[in-house]
Amino acid sequence: MIAEVIIDSKAKKLNRKFDYRIPENLEDIIEVGSRVLVPFANFKTLEQGYVIKIKENTEFQVKDIAGLDENLSNEKIELARWMARKYFCNVSECIKLMLTPGTRSKDTAKRMQDKKMNFVYLNENITEDKLEMLRGEKQKKALQFIEKNEGLTIPEIIEFAGVSRETINSLTKKGLIKIEAQKVERNPLALKKENKNKKLQLTEEQQIAYDKIEKSIQNKEFEEFLIYGVTGSGKTEIYMQLIEKVLELNESAILLVPEISLTPQMLDRFIGRFGKEKLAVLHSKLSIGERHDEWIKIKEGNAKIIIGARSAIFAPAQNLGIIIIDEEHDNSYKSESSPRYNAKELAEKICKGKNIPLVLGSATPDIKTFYRTEQNEIELLKLTKRANNSSLPSVEVVDLKKELATGNKSMLSFSLYEAMKQNLKEKKQTILFLNRRGYSTFIMCRECGYTMKCPNCNISLTYHSFQNKLKCHYCGHEEKTVKICPSCGSDKIRYFGTGTQKLEEEIKKIFPEASTIRMDVDTVTKKNSHEEILNKFKNENIDILIGTQMVVKGHHFPKVTLVGVIAADSSLNIDDFRANERTFQILTQVAGRAGRENLPGKVIIQTYNPESFPIEFSKEQNYDLFYKTEIELRKQLKYPPFCDIIVIGFSGESQKEISEASNFTYNMLKNVLEKYGINTFMPMPAPIDKIKNKYRWRIIAKGNVTEEVTIIINKCMQKLYESGIGKKTNIAVDVNPNNMV
Ligand code: ADP
Ligand code: ZN
Ligand code: ZN
């Protein structure tokens, strides 16, 4: 027998099938979906590959498959092939997402199952002069990796950071890292307590929603639902009862949540209801070993409830009965690197294939999802009231232009200041939200107008006060602060703009007696510290939590009665057709953090554009009105959901090559796509036209991306590859990307 094998490689050249003979001793074991080891070309080591078809004959002279690694179901292989077409990537990249994590080499797999292992940690007392001793890029790279991923094993570090054993040894010798033997209890829920929480009597609205979905579970039919309910309306309670139903039928459930909402509080509710045993958690903060163990628990059918971020959609759930996607509007469900998949689209595909319901939930649904409910593609289930009868917070919008006119130059409007003072007096908690991290967001010479930009990226540097450095948020470049203009020598350098660091400093000045805690990418780095910050805020009764986007989602703090939005305009001004949608979503979500229990909540939104409709409607938290206005605009301007936006990005070091490749692509696509009603625009530099020393250009096309269109684009990209044009240019096709810059 002959197997068609796809080699596990990102290389475009290898994105095709190769035939291999199946040796007799493996004939009963190898099937479609098997992961195998094969000799390839004149490579010294065996390559990994996936069997996608088995047949009797081949016209080629072929080598034998050398060994077997892991079996994937036929279904999964089909899904991977579908994904590769739809998201313009290699099949092997998709298959990789579906395999047990941490088993890429047999050796690692074995070690990972040992119960006592060596883990690598950063040494606590690293001094500057020790860092000076670092030689070469390899050691630096290894140290950076270990810093971000403490608690990995040596083989894991070798495999995932791509460094050698010697490099790790020399870091140990220099006293930068330490190796500790530990007994492994690689269960992310190991330290959790089970605080029983009982099933609640559903409200009338909850019951209606539950009944409809339950019917679809019982009848084994695909149907897609949107539970649209204000924050606190009891969506999670419905999810839990649906999952209970599914478990009764001896089926399993996948619940996707945005990465950031996988908070301890959220998990506690599920643990309290179902116990730890049946639960598996999958998210990016788990070590590879932990992910491996969770995956096995799922695969063996022991974990029946799978809660995870985007990639948990690929978990090997046994006998799947439902998929639920909470906060379905969240953009983390779409991957922005290859494979550029959308977990919502995959969920739909999977549920259709298995005849099971798909449930989406949100207080501020994706415009496209809501539009689809109007088209009767998704059944709308509304929850209009908060389940525990707490009232929605009152929202006040403050016009910062007026505030300035009265001479108030502080970051806090008079209203917000007063409300915070009152809150402190009453010992209630406050959250302040500002969507920019760092201290000052741009640095300019007032004499000649020179702005400090990253040398690698065409973007302003941000001042970070803690390390007293200028940083690039795109590539991580750092440099010393400046007092003299590098261009004209003037000393009129000024730091403009406000980030969370500066806000925290100001708040400490204004309210010296208040305790504060800050949550943004800069304070959340090591494992679990996101969780630590939230726990600290809650348990130690910290007065004020200051943070970026991270504070917005899903958390439940009973004592938070005041939420202040420092500058609502930052997301309005982004160059993206979703600017209004993002603004409305963020404001509504952040407002949902206030007054979640018996204490009434208040929200103060500061803005320079009080009259803009996303801000206006978020005052009443009126999604319906917002939706009506926005969908009209989208229709007039022909933006999604009335069309798709295709972005073909070209990036690389040679502008000449980019220009050749993009023009070649443009000329190929323009006329063909026109026949399908798709309008293709000339190649143009991207809004941020240089990142990490790579120039960035793109072609944008607007129209409906059907199966046929996908096939055409795939073919064109293949032709481009075969032409050899743009060999060193990175080319990526993305449909409806999150980020248009
Ligand atoms: P959402 O997921 O929509 O934000 P939750 O499910 O978290 O809402 O519910 C918000 C609060 O209301 C929680 O404290 C929850 O325990 C409570 N709750 C939910 N459903 C009910 C119910 N049927 N009866 C009483 N309280 C409920
Ligand atoms: Zn100057
Ligand atoms: Zn940069």
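The values are calculated or read from the model by the stated rules, or taken from the named source; none is laboratory data. Since the model is a prediction, treat every value here as computed from it, not as a measurement. Ideal geometry is used to build each Cβ from the backbone, glycine not excepted, and the neighbour counts take in all protein chains shown. Just so you know, the surface numbers come from the protein's heavy atoms only, side chains and all, with ligands and any DNA or RNA stripped out. Shrake-Rupley method; radii C 1.70, N 1.55, O 1.52, S 1.80 Å.
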In Å², nearest 10: area of Y627 left accessible to a 1.4 Å probe: 10
Shape call, segment 403-444: gyration tensor on alpha carbons, a/c limit 1.5: oblate
Partnerless Cys - the chain, beta-carbon criterion under 4.7 Å: C89, C94, C351, C475, C643, C716
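Report, in debye and to the nearest 20, how large the dipole of segment 302-351 comes out about its Cα centre when Lys and Arg carry +1 and Asp and Glu carry -1 on their Cβ. Each step should come with its number before you reach the end.
Values: 6 positive and 7 negative charges, 47 e Å.
Its charge dipole is roughly 220 debye.
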Amide H within-cut-off set for I325, under 5 Å, with H built and near neighbours excluded: L256, V359, L360, G361
Amide H partners (placed H, <5 Å) of A686, local residues excluded: R696, W697, R698
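Using 0.36 nm per residue of separation minus the Cα-Cα distance, give me the extension gain between D64 and K480 in nm, one decimal. Working shown, then result.
Values: separation 416, 0.36 × 416 = 149.76 nm, distance 5.81 nm.
Roughly 143.9 nm would be gained on extension.
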Percent of beta bridges antiparallel (DSSP, the chain, rounded to nearest 5): 55
Stokes-Einstein diffusion coefficient of the chain, Kirkwood radius over Cα pairs, 20 °C, 1.002 mPa s, in µm²/s: 76
Solvent-accessible heavy-atom area per residue, rounded to whole Å², over the chain at 1.4 Å: 47
nm² value of the averaged projected area, convex hull over the Cα atoms of segment 598-718: 12.3
Rounded accessible area of R582 (nearest 10 Å², 1.4 Å probe): 50
Dipole-positive endmost among V590, I604, Q501 within segment 457-606 (Cβ charges, Cα centre): Q501
Among I325, I238, A303 the positive-end extreme of the charge dipole of segment 211-332 (Cβ point charges): A303
Estimated vicinal HN-Hα couplings, Hz - segment 735-741 in sequence order (Karplus 6.51, -1.76, 1.60; Gly, Pro = x): 9, 6, x, 5, 10, 9, 9
Segment 284-329: Rg to Rh, with Rh as the Kirkwood radius over Cα pairs: 0.97
Relative contact order (%) - criterion: Cα under 8 Å, at least six apart; region: the chain: 11
Relative contact order computed over segment 562-708 (Cα-Cα under 8 Å; 6+ residues apart), in percent: 20
Restraint check, K352/K675; K86/K690; K635/K656; K193/K421; K212/K352; K196/K425, Cα-Cα greater than 26 Å: K352/K675; K86/K690; K635/K656; K193/K421; K196/K425
Nearest-0.05 FRET efficiency for N541 and D569, computed from C-beta distance (R0 30 Å): 0.40
Prolate/oblate/rounded call for segment 306-462, Cα gyration tensor, a/c under 1.5 rounded: oblate
FRET efficiency estimate (nearest 0.05) - Cβ-Cβ, T45 to N25, R0 22 angstrom: 0.50
Potential lengthening between Q467 and A181 on full extension [0.36 nm per residue; Cα-Cα distance subtracted]: 99.6 nm
222 nm mean residue ellipticity, helices alone, for the chain (DSSP H n ≥ 4; -39,500 (n - 2.57); rounded to 500): -10000 deg cm²/dmol
Per-residue ³J(HN,Hα) for segment 533-538, Karplus 6.51 cos²θ - 1.76 cosθ + 1.60, θ = phi - 60°, Hz, x for Gly and Pro: 4, 5, 5, 4, 4, 6
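Sort M420, M684, M133 by heavy-atom solvent-accessible area, probe 1.4 angstrom, most to least. Each step should come with its number before you reach the end.
On the way: M420 0, M684 115, M133 85 Å².
Reading off the accessible areas and sorting them downward yields M684, M133, M420.
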HN-Hα J in Hz across segment 628-639 - Karplus 6.51, -1.76, 1.60, θ = phi - 60°, x for Gly and Pro: 4, 5, 5, 5, 4, 4, 4, 5, 4, 8, 6, 10
For T561, distant residues with modelled amide H under 5 Å away: Q429, G595
Overall dimensions of segment 598-668 as given by Cα atoms, namely Rg and Dmax in Å: 21.2, 64
Accessible area of the chain belonging to carbon and sulfur atoms, whole % at 1.4 Å probe: 48
Residues I725 and N302, FRET efficiency given R0 of 45 Å [Cβ-Cβ distance, rounded to 0.05]: 0.30
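By how many nm would the segment from V521 to K382 lengthen if fully extended, with 0.36 nm per residue of separation less the alpha-carbon distance?
Using 0.36 nm per residue and subtracting the Cα-Cα distance, I get 46.6 nm.
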